[in-house]
Every structure is written in structure tokens, then in C-alpha cells.
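The values are calculated or read from the model by the stated rules, or taken from the named source; none is laboratory data. From a predicted model like this one, the values you see are computed outputs, not experimental measurements. FYI the Cβ positions are ideal-geometry reconstructions off the backbone, even for glycines, and counts take in every protein chain you see. Heads up: the accessible areas ignore ligands, DNA and RNA and are worked out on the full protein's heavy atoms, side chains in. Shrake-Rupley method; radii C 1.70, N 1.55, O 1.52, S 1.80 Å.
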Amino acid sequence: YLSLLSDQNYRIAFRNTILYALVTVPGQMACGLVLACLVNSVRRGQTAFKVICYLPVITSWVVVSMVFKYLFMSGKGGMVNYILMQLHLVESPVSWLQHTWTANLVLWLFGIWKGTGWVMVIYMAALQGIPQEIYEAAELDGANKWQIFWNVTLPQLKPTTFFVIIMLTIASFKVYDQMYMITQGGPGNATMTLVYYIYNVAFVNTPKYGYASAVSMVLFVLVLFVTIIQFKGSSSND
């Protein structure tokens, strides 16, 4: 455990894990809530919209990781670079996966896109459970749509929001698939996360099972801390 404190690769993995959670959790929640409100307001074709938005969630991690890797490919062959150059937003292709923060940005965007559909479904279920009488009372009081959303919808979604935050945070601590498929932790170790670091330490090159177990315990403490918050929050909501 003491050697973890001086391990540069561990510090990078810990930093990336925390940053991934801080970026993707609010991102998924914001996008999911917006989609839920939009789809919930649709009267025709609502099921089709829900299926389309939920498709990324059930699609194989391997498949969509390869798609994202192709989209952000270096050079003019990558679709994102091609579009940006056609719009004259960049003069030359961006090496997305060869730089620390652009590579992390790709992984953050991937995480948000992949999980937004799940958040949307959870929020839609909560929205449909809000009594219409509350909205009618707010309209009679002269509240506009924004005031209704801010003062009626969001407070009614508070228990659901708390649940979503906890579940997404725990999931973000365990992120691994896209790092392995898209960047392999690179460039260097710039996109390494705790789970990917545990895998490398335990099974790549010279196995260090004890050291990997120590890193696993750190991850366990993080997840346990979030879980305790969830239980206390659930008790207070009850």
C-alpha cells in the first residue's frame, strides 16, 4: 500500500478514474433527462424513439468501441477529422488518440453516448409517475414551462436522480472495456484507469498479484463509500 503512493502509473489511473466519473456521470444524466423529457412529450412513435435511444446501451462494447476508434482515427481517414476539415474548423487532422486529453475526451464522449439511453429510460419511468394534478395546479398558478420544469419536475425526480447518480458513479469506477478496445491505456499510460491498471499489473508482463490486490482494495473502498452514501440517502428518502 505504501508503494502505491509513489507509483506514478497508479496516480494517473486514479486520476483518470475520478475524472471519468466527474465528466461522464453529469453528462449522462443531463443528456438522459433531456431525452426523457423530449420523448415523453411525443405522442406518436414514442416506442420507436425509445428503442433508437436505447440501442447504444444494448450494443456490444467491442462493436461500438471499434466504431468510435474509427470515427476518431488520426489523419483524414477519420470521419470526425473529415467533418471538421470540411467545415474549416481545423486546418489539419487532429491526432485524437495520440494526446492525453484528446484521448480522454474521446473516452468521455463514448461513455456519455453509451449510457445516456439507460438514464433516459429510468427518467421516463419517473416522469410518467408524476401526478398530472401537480402540473395542472402549476399551470393554474400561471407558471410557464421552465418554471414548471424547475419547480415541479426536478423536485419530483429527486429520488430517481439520487439513484441514477449512485449507479452511474459505481459503474464509472469500474470502467475498462473502452480503454482496452480504443486506447489500450495510451498514449503511454495517459488513459489508464484503475480496473485497467489492475488487469495490467496482474496479468501482463510479470504478474504481481499482491500489488494488483492492493489496487483492487482501493477500488473496493471507493465503491463501498458510494454504496454507503446510497443506503443513507435511501433511508433519508424513506
Please work out the ratio of the alpha-carbon Rg of segment 128-238 to 2.2 N^0.38 Å and round it to two decimals. 1.64
GLN178 neighbourhood, Cβ < 13 Å, K/R = +1, D/E = -1, net charge +2
Expressed to two decimals, segment 1-95 has a Cα Rg over Rh, using the Kirkwood radius, of 1.11
So what is log10(I(q)/I(0)) for segment 90-174 at q = 0.19, 0.23, 0.25 1/Å, when the Debye sum runs over its Cα atoms only? -0.90, -1.09, -1.19
Env charge @ ILE148, Cβ radius under 15 Å, K,R +1 / D,E -1, value -3
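Quick one: pull the percent of accessible area on the chain belonging to carbon and sulfur, 1.4 Å probe, ligands and nucleic acids left out. Walk me through the intermediate numbers first.
Values: 9000 of 13510 Å².
Heavy-atom surface of the chain belonging to carbon and sulfur, 1.4 Å probe: 67 percent.
Packing-wise, with mean Cβ within 10 Å as the measure, how do 61-72, 110-121, 193-204, 138-149 rank, highest first?
Values: 61-72: 16.2, 110-121: 22.5, 193-204: 19.9, 138-149: 12.0.
Packing proxy ranking, top to bottom: 110-121, 193-204, 61-72, 138-149.
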Calculated [θ] (222 nm, deg cm²/dmol) that DSSP helices of n ≥ 4 give over the chain, each run adding -39,500 (n - 2.57): -23000 deg cm²/dmol
Mind checking which lysines have their Cα closer than 17 Å to the Cα of LYS174? Skip sequence neighbours fewer than 8 apart in that chain. LYS114
Starting from the Kirkwood radius over alpha-carbon pairs of the chain, derive D by Stokes-Einstein at 37 °C in a medium of 0.692 mPa s and give it in µm² s⁻¹. 163 µm²/s
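Using 0.36 nm per residue, how much length does the chain from LEU140 to PHE231 gain when fully extended, once their Cα-Cα distance is taken away?
29.0 nm
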Given a 1.4 Å probe, how much area per residue of the chain is accessible, in Å²? 57 Å²
